[in-house]
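Written out below as structure tokens is the structure these notes cover.
Please treat every number below as a calculation from the coordinates, not as lab data. Quantities reported herein were computed from a predicted structural model and do not represent experimental measurements. Cβ coordinates were reconstructed from backbone atoms using ideal geometry, including for glycine residues, and neighbour counts include every protein chain displayed.
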Amino acid sequence: MEPDIFDMGEIDIAWCPGCGNFAILKALKAALFELEITPQNLVMVSGIGQAAKIPHYLRANVFNGLHGRALPPATAIKAVNPALTVIAESGDGDMYGEGGNHLINAMRRNPDITNVVHNNMVYGLTKGQASPTSRMGFKTPVQVRGVAVEPFNPIAVAVAMDASFVARAFAGDFKEMKAILIKAVSHHGYALVDILQPCISFNKLNTYDWFKEHTYYLDDAYDPTDRAAAFNVAVEEGKMALGVIYRNSDRPCFEETTTVFGDNGGPFYTRQPDLEKLNGLIDSRRGT
Amino acid sequence: MGKKTRKIKDDVSLVICGSAGQGIQTVETILTQLLKRAGFHVFGTKEYMSRVRGGSNSTGIRVSSTSRPSLLDRIDILVPLDGKALKHVQTRISDDTLILADKEHLGLADEKGLPGLIDIPFSQLASDMGGAIYANSIAAGLVAQLFGVDREEVFLFLDQLFSKKKPEIIENNRKAAAKGCEIAQGLVDSGEIFIDIQRQPHIAEDILINGAEAVGIGAVAAGCNFVSSYPMSPSTGVLVFLSGQAEKFGIISEQAEDEISAVNMMLGAWYAGARAMVTTSGGGFALMEEGVSLAGVMESPAVIHLAQRPGPGTGLPTRTAQGDLELALYSGHGDFPRIILAPGRIEDAAILTRDAFTLADKFQVPVFILTDQYFIDSYYNIPSLDLQDKKAESAIVETDGDYRRYRITENGISPRGVPGYGNGLVVTDSDEHDEDGHITEDLHVRVAMVDKRKRKLDDMEKEAFPPELIGKDDYETLLIGWGSTYPIIREAWSILDRDDVAFLHFRQVYPLHPDTSAYLKKAKKRIVIEGNSDAQFATLLRLQTDHEIHETILKYNGAQFSVEELAGRLETTIGKKE
């Protein structure tokens, strides 16, 4: 395997020059290469938005669905073929706004998928409106007097939901971002990676420098299996923690709770209806 | 006791009515099974309120010497469990109706207008047996005996039904049923009632299933292995059925957080190689519409069971309608082909659902199975279900390195691969895309893709299920129906008894079979009968065939057409036999 296995060659990428998405794409490819995952075995699932275009920019199987709806098909894909590596990746508007109910329920179901969220605290593709994670007071052409409500806290929600892996990364730190992605994809169960990322076109508040000033890395002494500690980290005022914030490896995965991989075996696309059993079922309705 | 002898021949309409939670369903289960075992044709249908306890619900059991699976207004024998029940079915009672009731419970001021009322002190008798709960077994024994069902058969069935209960309870139920039988024998001996229906012993071997089970069995026959849905009346029966079969048949059954998730899961499942479906109703389907559109652009197979109920909004949650035809037809933004099937008979529900998967897989389009509350909750005996004639075959191909998911082809169908099967990559996108599946804004590619998707319609039309003509083919007047009204229109048509009138039933309403226009052309007068106020199918026929529809007979009060009502309306519309 060569490191360029995921490269698409010469393609037209719809991101702004200097966008954090490029770094995230590069880190993802590097993480996947290191994990020896092949494009054929990888399914990139996304919704709509600039971040959600990422599946088109690396070699993979792709399900680029509707706005906010990456997680339901990603859950189903993994359930139907657990041998696939499934990554659901979109932006903060898609995952935390439009797809909020699916986010909560993906955490509950705990499918063995990785959920990467590009969190730039603004809507890019629709040109600069507030996102669920925009800071209070953030002014936009729609929120003309500034955002009046507290931002959505994905980390706190994920810990509250007992999501099995919760991490936050910063797009400005390639090395750590890649390390966190490797941990997330390797994790057995649902893994959330919230990636803080500046939007150079529409967010003049939350810049590279702003993120550097407002984040810190959890140190080696931190125990991510301590849920109460994780919750404290998730809701603390001031700087935002980076790293693996919470992990619970004891939860069964969604696909393991289904009964379809016992005696029936085999990938779904090879399966045939069992007509003998069907006749038994029909006969059971004779009531004799 | 009553004064006249009621002789009922060949066809009896029995109705049990009471509040939710009184055990109507138990009596119904006992009676339909017993009567079928005894060699009678049975048809059961129910109407109920959107509540868990109280109110007034009724279940009708039609017992006949030939198969008559359609709704009657007339009640020959009524078992009302309370006073409200009597009121609930008031308009369906006549002097000829035998009413078997606990007078004490009816709370009647007088018995005027109820000459058929016979007092059966169910509560007192039940309490003598050991508790109110035994009233159901008394009623079941009573009715079974009126039809001449062998007492031992009644006891045997009850023993089986209650086999997991304590011996004392089994014994009490036996006693209760025996008491019912005894009362019935008295009524027969005194000449109060005489039922004469020819039995056919082979019916005992028939299967008895309702519409929801038929849809579910069809899905299983198609190799359905993924169902994701959100509970909503009247569609839930299919989800319940498939969940019950999940372990046996290797089905992933998931109750999604909402219908949006359900439909998107279904599409993800098809993408990864499953054969998936959703089951939903009314407002639930409204939420799924984005998924229909997604299936359109992704050219994903999709099987959508849509059990209709009256809208708009929450409407009448537990009632019936045929009002979502246009919703299914036009759901989802953008232009893309689809298929809409509408079974009229139990057999059709299984066959069409099975074939819906094959069609969805072959043409890579959404396929609807349009039923309704009446159809889903009705059941009757049929000899069997033969689903082996057409094998459900998967259209999935193994991909190679050059694989392009949306390769432009002559018939519009691009071979569908799944991730992990072969060396290719399967790229699918809700954006307009190129042949590789990647996002594009090339307007030439856009036109090529729209045209490719639409080209599939040609073969879809050729493979459409043809309409079924009932009657002679030199008709002057053509009655037209679709979906669940099939047996009702057919029976009303036979009552009409006119050689110049025929009935054309559509079990596929879109795209229409190419012969449709010829059928319509032959008629001088075309009458469409359907369960909505807009005459939606009539509109569709006009648009698709250029033939005028002269009359429509519509119903939209939440109840299904009854045979008598429809026969009456047909007589008014086209006149009696000359």
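Just need the Rg to Rh number for the range A:121-182, please, alpha carbons only, Kirkwood Rh.
Numbers: Rg = 14.6 Å, Rh = 13.6 Å.
With Rh from the inverse mean 1/r over Cα pairs, Rg/Rh is 1.08.
For the cross-link pairs B:Lys46/B:Lys576; B:Lys7/B:Lys525; B:Lys248/B:Lys390; B:Lys524/B:Lys576; B:Lys4/B:Lys103, which exceed 28 Å when the distance is taken from alpha carbon to alpha carbon?
On the way: B:Lys46/B:Lys576 31 Å; B:Lys7/B:Lys525 40 Å; B:Lys248/B:Lys390 22 Å; B:Lys524/B:Lys576 17 Å; B:Lys4/B:Lys103 19 Å.
Long pairs (Cα-Cα over 28 Å): B:Lys46/B:Lys576; B:Lys7/B:Lys525.
Could you give each residue of the range A:239-252 its phi-based ³J(HN,Hα) in whole Hz, using Karplus coefficients 6.51, -1.76, 1.60 with θ = phi - 60°, and x for Gly or Pro?
Once θ is set to phi - 60°, the couplings for the range A:239-252 become 6, 8, 6, 10, x, 7, 8, 8, 8, 10, 8, 8, 7, x Hz.
Need one number for the range B:259-354: average projected area of the convex hull over its C-alpha atoms, nm². Mind dumping the intermediate values first?
On the way: hull surface 24.8 nm².
Convex hull of Cα atoms, orientation-averaged projection: 6.2 nm².
Order of A:Cys253, A:Cys16, B:Cys224, A:Cys199 from fewest to most other C-beta atoms within 10 Å?
Details: A:Cys253 19, A:Cys16 15, B:Cys224 27, A:Cys199 24.
In increasing order of surrounding Cβ atoms, one gets A:Cys16, A:Cys253, A:Cys199, B:Cys224.
May I ask for the distance between the Cα centers of the range B:230-251 and the range B:81-112, given as a whole number of Å?
38
Angle between the Cα long axis of helix B:563-574 and the longest principal axis of chain B, 0 to 90 degrees, nearest 10?
70
If you rank B:Leu543, B:Leu554 by fewest surrounding Cβ atoms within 10 Å, what's the result?
On the way: B:Leu543 9, B:Leu554 17.
Listed from fewest to most nearby Cβ atoms, that is B:Leu543, B:Leu554.
Which distance in Å, rounded to a whole number, links the C-alpha centroids of the range A:78-149 and the range B:333-371?
Cα centroid of the range A:78-149 versus Cα centroid of the range B:333-371: 35 Å apart.
When a/c reaches 1.5 or more, the comparison of a/b and b/c decides; with that in mind, is the range B:396-463 rounded, prolate or oblate per its Cα gyration tensor?
Numbers: a/c = 2.43, a/b = 1.20, b/c = 2.03.
Cα axes put the range B:396-463 in the oblate bin.
Nothing charged except the Cβ atoms of Lys and Arg (+1) and of Asp and Glu (-1): what's the magnitude of the dipole of the range A:123-240 about its Cα centre? Round to the nearest 20 debye. The partial results should precede the final answer.
Numbers: 12 positive and 13 negative charges, 136 e Å.
The dipole of the range A:123-240 has a size of about 660 debye.
Based on the alpha carbon coordinates of chain B, what radius of gyration and maximum Cα-Cα distance (Dmax) apply, in Å?
Here Rg and the maximum Cα pair distance are 26.1, 86 Å.
Report the antiparallel proportion of the DSSP beta bridges in the range A:3-262 as a percent, rounded to a multiple of 5.
Numbers: 4 of 32 bridges.
Around 10 percent of the beta bridges assigned by DSSP in the range A:3-262 are antiparallel ones.
With unit charges on the beta carbon (Lys/Arg positive, Asp/Glu negative), name the residue among B:Ala567, B:Ser228, B:Pro115 whose Cα is farthest towards the positive pole of the charge dipole of chain B.
B:Pro115
Counting other beta carbons within 10 Å of each residue's own, what order do B:Thr279, A:Thr215, B:Thr399, B:Thr5 fall into, fewest first? Write out the running numbers ahead of the final one.
Numbers: B:Thr279 34, A:Thr215 18, B:Thr399 23, B:Thr5 10.
So the residues, fewest neighbours to most, are B:Thr5, A:Thr215, B:Thr399, B:Thr279.
For the range B:210-382, what log10 I(q)/I(0) values come out of the Debye formula at q = 0.13, 0.15, 0.19 1/Å, with one point per alpha carbon and no solvent?
-0.52, -0.71, -1.20
If one puts a single equal scatterer on every Cα of the protein assembly as shown and applies the Debye formula without solvent, what log₁₀ I(q)/I(0) results at q = 0.08, 0.10 Å⁻¹?
For the requested q values the scattering log ratios are -0.79, -1.07.
Which loop-located GluC sites (Glu not before Pro) does the range A:31-89 contain, where loop means any DSSP state but H, G, I, E or B and the Cβ has at most 12 other Cβ atoms within 10 Å?
On the way: sites: A:Glu34, A:Glu36, A:Glu89; in loops: A:Glu36.
Passing both the DSSP loop test and the Cβ count: A:Glu36.
Given H placed 1.01 Å from N in the peptide plane, which residues other than close sequence neighbours of A:Tyr217 have an amide H under 5 Å from its amide H?
Amide H neighbours of A:Tyr217, under 5 Å, 5+ apart: A:Leu242.
Send over the Kirkwood Rh of the range B:178-229, from the inverse of the averaged 1/r over different Cα pairs, rounded to one decimal Å.
Working: mean 1/r = 0.0645 Å⁻¹.
Hydrodynamic radius (Kirkwood, Cα pairs) of the range B:178-229 is 15.5 Å.
Take the alpha carbon gyration tensor of the range A:79-178, find the square roots of its eigenvalues, order them as a ≥ b ≥ c, and report rounded if a/c is under 1.5; if not, report prolate when a/b exceeds b/c, else oblate. Don't skip to the end; give the middle numbers.
Working: a/c = 2.03, a/b = 1.76, b/c = 1.15.
It is prolate, given that a/c is not under 1.5 and a/b is the larger ratio.
Can you give the helix-only mean residue ellipticity at 222 nm for chain B, where every DSSP H stretch with n ≥ 4 adds -39500 (n - 2.57) and the sum goes over all residues, rounded to the nearest 500 deg cm²/dmol?
On the way: 19 runs with 222 residues, N = 578.
Dividing the helical sum by the residues of chain B leaves -12000 deg cm²/dmol.
Taking 8 Å as the Cα distance limit and 6 or more residues as the minimum spacing, I'd like the relative contact order of the range B:6-205 as a percentage. Provide the component values of the computation, followed by the final result.
On the way: 391 pairs, mean separation 53.3, N = 200.
Relative contact order comes out at 27 percent.
Can you tell me the mean projection area, over all orientations, of the convex hull of the range B:468-574's alpha carbons? Units nm², please.
Working: hull surface 23.7 nm².
Convex hull of Cα atoms, orientation-averaged projection: 5.9 nm².
In the range A:214-288, which chymotrypsin sites (Phe, Trp or Tyr not before Pro) fall in coil by DSSP and have 10 or fewer other Cβ atoms within 10 Å?
Answer in residue order: no site qualifies.
Give the angle, between 0 and 90 degrees and rounded to the nearest 10, that separates the Cα long axis of helix A:20-34 from the longest principal axis of the Cα atoms of chain A.
It works out to around 40 degrees.
Explain nothing, just the number: relative contact order of chain B, from Cα pairs under 8 Å at least 6 residues apart, as a whole percent.
Computed over chain B, the figure is 12 percent.
Name the residues whose placed amide hydrogens come within less than 5 Å of the amide hydrogen of A:Gln143, ignoring near sequence neighbours (fewer than 5 apart) on the same chain.
A:Ala130
Helix B:346-363 versus the longest principal axis of chain B: what is the Cα-based angle in degrees, 0 to 90, to the nearest 10?
10
Volume per residue, Å³, of the convex hull around the alpha-carbon atoms of the range A:130-288?
So the per-residue Cα hull volume is 232 Å³.
Can you list which of the GluC sites (Glu not before Pro) found in the range B:347-411 are DSSP loop residues with at most 15 other C-beta atoms within 10 Å? Walk me through the intermediate numbers first.
Working: sites: B:Glu347, B:Glu393, B:Glu398, B:Glu410; in loops: B:Glu393, B:Glu398, B:Glu410.
Loop-located and lightly packed - B:Glu393, B:Glu398, B:Glu410.
What does the structure give for B:271-281 when I average, per residue, the other chain Cβ atoms found within 10 Å of the residue Cβ?
On the way: counts 11, 17, 9, 10, 5, 3, 0, 0, 0, 0, 0.
Mean partner shielding for this stretch: 5.
Taking amide H positions as placed in the peptide plane 1.01 Å from N, state which residues far from B:Ile209 in sequence (5 or more) or on other chains have amide H under 5 Å from it.
Under 5 Å from the amide H of B:Ile209 lie the amide H atoms of B:Tyr380, B:Ile382, each far enough along the sequence or on another chain.
Compute the whole-percent fraction of alpha carbon pairs in the range B:287-334 spaced more than 17 Å apart.
The calculated P(r) of the range B:287-334 puts 39 percent of pairs beyond 17 Å.
Which whole-number percent gives the relative contact order of the range B:282-428, counting Cα pairs below 8 Å spaced six or more residues apart? Before the final figure, lay out each step's value.
Working: 236 pairs, mean separation 34.7, N = 147.
Contact order relative to length: 24 percent.
For the range B:6-205, what class follows from the C-alpha gyration tensor (a ≥ b ≥ c being the square roots of its eigenvalues): rounded when a/c is under 1.5, otherwise prolate if a/b is larger than b/c, else oblate? Please list the in-between numbers first.
Values: a/c = 1.31, a/b = 1.05, b/c = 1.26.
Taking the square roots of the gyration eigenvalues as a ≥ b ≥ c, the range B:6-205 is rounded.
Taking Cα atoms of the range B:142-259, Rg/Rh with Kirkwood Rh, to two decimals? Before the final figure, lay out each step's value.
Values: Rg = 20.7 Å, Rh = 18.0 Å.
The Rg/Rh ratio comes out at 1.15.
Using the crude model of +1 on Lys and Arg Cβ and -1 on Asp and Glu Cβ, and no other charge, please compute the dipole size for chain B relative to its Cα centre, in debye to 20. Mind showing how you got there, number by number?
On the way: 61 positive and 83 negative charges, 283 e Å.
So the magnitude is around 1360 debye.
log10 I(q)/I(0), Debye, Cα-only chain A, no solvent, q = 0.10 Å⁻¹?
Reported log10 I(q)/I(0), two decimals: -0.54.
Under a Cβ-only charge scheme (Lys and Arg +1, Asp and Glu -1), can you give me the dipole magnitude of the range B:6-205 about the Cα centre, in debye to the nearest 20?
On the way: 24 positive and 26 negative charges, 130 e Å.
That gives the range B:6-205 a dipole magnitude of about 620 debye.
Going Cα to Cα from A:Lys183, which lysines come in below 21 Å? Please leave out same-chain ones fewer than 8 positions away.
Qualifying lysines at Cα under 21 Å: A:Lys26, A:Lys29, A:Lys78, A:Lys175.
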